[in-house]
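What follows is a set of notes on a single structure, which appears directly below.
The values are calculated or read from the model by the stated rules, or taken from the named source; none is laboratory data. Computed from a predicted structure; not experimentally measured. Here the Cβ positions follow ideal geometry from the backbone for every residue, glycine too, while neighbour counts run over all protein chains shown.
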Amino acid sequence: MNKLLHIFKQAWWKIKENTTSAIIFLIVFLILIVILVGFFIFRKNDATLENTKAVEIINTNTIETNETTQTSKTAIPYTAVIENLVDIRPQSGLQEADVVYEALVEGGITRFLAVYKTFETPIKTIGPIRSARPYFIEWTQEYGGIFAHAGGSLEALNILQTNGIIDIDQIGGDQAYFWRTKESFPPHNLFTSSELLAIAAQDNKVTPPENDAFEAWQIKTEEPIRTKNKKEIVLDFSTYNYEVRYIYNPETNAYARSNGGKAHLDKNSGEQLQVKNIIVQRAQTNLVDPRSGLLGIQTEGAGDAFVFLDGKKIEGRWEHSATKQRTYFYDTTGKSIALNPGSVWIEVIPPDRDVLYTQK
């Protein structure tokens, strides 16, 4: 660049004495500047067009009946760890989730793992996003796809290094797929969206799983009970702030969720969370680290389970044989329990905590 400037100065001083030459030189110089500026602008726009990603959100419909299973184009599953600290409610994106796991973390607080089998309708906000625990990762492995979180326990982060999950970690360098709001303070103000998660899938070249790797639970036709009796489920996770209460509505054949004595709302819609299928999965829970309060929760093996749907309670068991296989639920005769179409909430609760079911 310095050499070019030196040559330019020498040429300019030589032609400066000739007015006509100076004018011609100036015109040619200006034309060259315009051409160069246009060239760089064109290159910038062209590069922008090449780097722009078209976000495709693939729909999936997997229906399994007693007779057959019909599967359309398989989608990429997405999971996200969502906070449930009492002060941050209501959360965003829980009502749109296909499956939600609720489990204890430290201090008697519960946390959610939201599973999205499809983004048929875009979700503008999902969160607050929080840190991972080993059991959230193990449940995620049943689905595959994208796992969105912000950091995690040391054991959880070590697992993510080797298990092959597409790990979208805001603290680990994936800030582009999240944002923070000014409504709260870190770490309680981190969010993502269906669009950003779909971009994360494209950036990581994630492909939909094989059909047999994402097998659906058995789905049946809804059979609501017409009753005036109040049917209520109460789950005692720890303290009153984390008590969960579901009340059955025969008109919608769904269960309205309350948390900590208040209607549990979805922030995106402002409406109370409605659940079609509730599964209470009793799982052994132990204290892993007394200093931090970190817990370990049983994810493989078998245990007692209760399934609530259509205003009924079905007693049975859960079984999970191996990593990346689905957890299945069976009644007392050993028959697979068929679920209603719609949302499934899996309440993973220790064996020594109360689960109350009343009909008034």
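When you scan the stretch 306-360 for strands (runs of 3 or more DSSP E) that lie fully inside it, which ones turn up with 2 or more residues that are hydroxyl-bearing (Ser, Thr, Tyr) and touching a residue at least 60 places away in the same chain (Cβ under 8 Å)?
Details: elements: 312-320, 328-331, 344-349, 355-359.
The qualifying strands (runs of 3 or more DSSP E) are 355-359.
Does Asn253 satisfy being among the polar types (S, T, N, Q) and on the phi < 0 side of the Ramachandran plot? Let's see the steps before the verdict.
Working: among the polar types (S, T, N, Q): yes; on the phi < 0 side of the Ramachandran plot: no.
Criteria not met by Asn253.
Asp289 meets each of the listed conditions (1) closer than 18 Å to Phe237 by Cβ; (2) surrounded by fewer than 21 Cβ atoms within 10 Å (Cβ to Cβ) apart from (1).
Whenever a residue of the stretch 219-237 is more than 21 Å from Ser343 (Cβ to Cβ), its partners that are polar (S, T, N, Q) and modelled with pLDDT of 90 or more, lying with C-beta atoms within less than 9 angstrom and at least six residues away or across chains, give the pairs Lys230/Thr358.
Being without any contact (Cβ under 8 Å) to a residue 60 or more places away in the chain and buried (at least 20 other Cβ atoms within 10 Å of the Cβ) is the filter; apply it to the stretch 70-116 and report the residue that is nearest to Leu294 (Cα to Cα). Per the criteria, the residue is Arg111. The numbered conditions (1) buried (at least 20 other Cβ atoms within 10 Å of the Cβ); (2) in contact with a Gly (Cβ under 8 Å, 6 or more places away or on another chain); (3) more than 18 Å from Ile76 (Cβ to Cβ) are all true for Ala150 except (2).
Here Ser238 clears all of (1) surrounded by fewer than 16 Cβ atoms within 10 Å (Cβ to Cβ); (2) farther than 22 Å from Phe306 by Cβ; (3) in contact with a strand residue (DSSP E or B) (Cβ under 8 Å, 6 or more places away or on another chain); (4) not charged (D, E, K, R) except the condition numbered (2). Being surrounded by 14 or more Cβ atoms within 10 Å (Cβ to Cβ) and at pLDDT below 95 is a property that does not hold for Gln281.
Of all residues in the stretch 277-300, those that are more than 12 Å from Ala103 (Cα to Cα) have Cβ atoms under 8 Å from Cβ atoms of residues that are loosely packed, with under 13 Cβ neighbours inside 10 Å, 6 or more apart or on another chain, in Gly293/Gly107; Gly293/Leu287; Leu294/Leu287; Glu300/Ser321; Glu300/Ala322; Glu300/Thr323. Go through the residues of the stretch 190-197 one by one and say whether even a single one is under 23 Å from Phe308 (Cα atoms) and either outside the structural domain of Val280 (by TED's automatic domain parsing) or free of Cβ contacts under 8 Å to residues at least 40 places away in the same chain (or both). No; the residues of the stretch 190-197 include none that is under 23 Å from Phe308 (Cα atoms) and either outside the structural domain of Val280 (by TED's automatic domain parsing) or free of Cβ contacts under 8 Å to residues at least 40 places away in the same chain (or both).
Quick grid of which residues meet (1) outside the structural domain of Phe329 (by TED's automatic domain parsing); (2) farther than 25 Å from Thr327 by Cβ; (3) in contact with a His (Cβ under 7 Å, 6 or more places away or on another chain); (4) of a type outside the set (Ser, Thr, Tyr):
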residue: Asn204; (1), (2), (3), (4): no, yes, no, yes
residue: Ile219; (1), (2), (3), (4): no, no, no, yes
residue: Glu223; (1), (2), (3), (4): no, no, no, yes
residue: Thr227; (1), (2), (3), (4): no, yes, no, no
residue: Asn241; (1), (2), (3), (4): no, yes, no, yes
residue: Asn249; (1), (2), (3), (4): no, yes, no, yes
residue: Val280; (1), (2), (3), (4): no, no, no, yes
residue: Asp310; (1), (2), (3), (4): no, no, no, yes
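Number of residues in the stretch 240-296 that are among the hydrophobic types (A, V, I, L, M, F, W, C), under 20 Å from the mean Cα position of the chain (by Cα) and assigned to a strand (DSSP E or B) equals 4.
Examine the stretch 217-234 for a residue that is more than 30 Å from Leu85 (Cα to Cα), out of contact with any Cys (no Cβ under 8 Å at 6 or more places or on another chain) and among the acidic types (Asp, Glu), and state whether such a residue exists. If you could, list the steps in order and put the result at the bottom.
Within the stretch 217-234, the first condition is being more than 30 Å from Leu85 (Cα to Cα), and the residues that meet it are 217-229.
Narrowing further to those that are out of contact with any Cys (no Cβ under 8 Å at 6 or more places or on another chain): 217-229.
Cutting the leftovers down to among the acidic types (Asp, Glu) gives us 222-223.
Looking through the stretch 217-234, at least one residue is more than 30 Å from Leu85 (Cα to Cα), out of contact with any Cys (no Cβ under 8 Å at 6 or more places or on another chain) and among the acidic types (Asp, Glu).
Go through the stretch 155-171 and give me each residue that's modelled with pLDDT of 95 or more and exposed (fewer than 15 other Cβ atoms within 10 Å of the Cβ). The answer is Asn158, and nothing else.
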